[in-house]
Amino acid sequence: MTQTLSCHCGAVVLEVELSQGLASARRCDCSYCRRRGAIMASVPLDKLRFVRGADHVALYQWGTRVAEHYFCPTCGIYTHHRRRSNPNEYGVNVGALDGVNPRDLGNVPWSDGVNHPSDKNRT
C-alpha cells in the first residue's frame, strides 16, 4: 500500500511503500537518532518516490558518512534516511506519514545504534 509522507511546510512530499507496514517501526539510540526522537519504518530503495521537493531536501551526514539523513531545510522536519545498517533501504519518519499518529503505535522496539557493528571496525 502506498502512503504519503510530508514535512510540516509541505515543501517535501514523498510516496512510500512500507516493506512490513508499521510492524517495521523502530527507534534508535545512536547519538543522532536519540536527539531526533523519531520513530522510523523500513522502505526498500525502489519504493520511495519524491512527489515534490527532491531539489529542496537537505542532506546531513557524519562519522562514517554512510548513512544519509534527509530533512526539509525550511521547516526542519526529518523525512527519511538511507540506512547505514542496510544501505538497500530507507528509514522513514513515521510521524510524517499522513494519517499516522506515532502515539497509537504503543511500545516501539529500540535498535542498538550506540553499539553499531560497523563501529567495531573504526579506529
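The values are calculated or read from the model by the stated rules, or taken from the named source; none is laboratory data. None of the values given here were measured: they were computed from a predicted structure. No Cβ is skipped: glycine too gets one built from the backbone with ideal geometry, and neighbour counts run over all protein chains shown.
The table that follows gives values for the structure above.
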quantity: Tally of residues being in contact with a strand residue (DSSP E or B) (Cβ under 9 Å, 6 or more places away or on another chain), without any contact (Cβ under 8 Å) to a residue 60 or more places away in the chain and not hydroxyl-bearing (Ser, Thr, Tyr) across the stretch 18-37; calculated: 5
quantity: Lone qualifier among ARG49, ARG84 - being among the basic types (Lys, Arg) and at pLDDT below 95; calculated: ARG84
quantity: Residue list for the stretch 10-28, restricted to those being under 18 Å from TYR60 (Cβ atoms) and not aliphatic (A, V, I, L, M); calculated: CYS28
quantity: Selection status of VAL12, in contact (Cβ under 8 Å) with a residue 60 or more places away in the chain and surrounded by 19 or more Cβ atoms within 10 Å (Cβ to Cβ); calculated: yes
quantity: Any hit, the stretch 28-44, residues being modelled with pLDDT of 90 or more, surrounded by 12 or more Cβ atoms within 10 Å (Cβ to Cβ) and of a type in the set (D, E, K, R); calculated: no
quantity: Residue list for the stretch 15-27, filter: at pLDDT 95 or above and either surrounded by fewer than 21 Cβ atoms within 10 Å (Cβ to Cβ) or among the aromatic types (Phe, Trp, Tyr) (or both); calculated: GLU15, GLU17
quantity: Residue ranges of strands (runs of 3 or more DSSP E) in the stretch 61-100 with at least 1 members of a type in the set (Asp, Glu); calculated: 68-71, 89-93
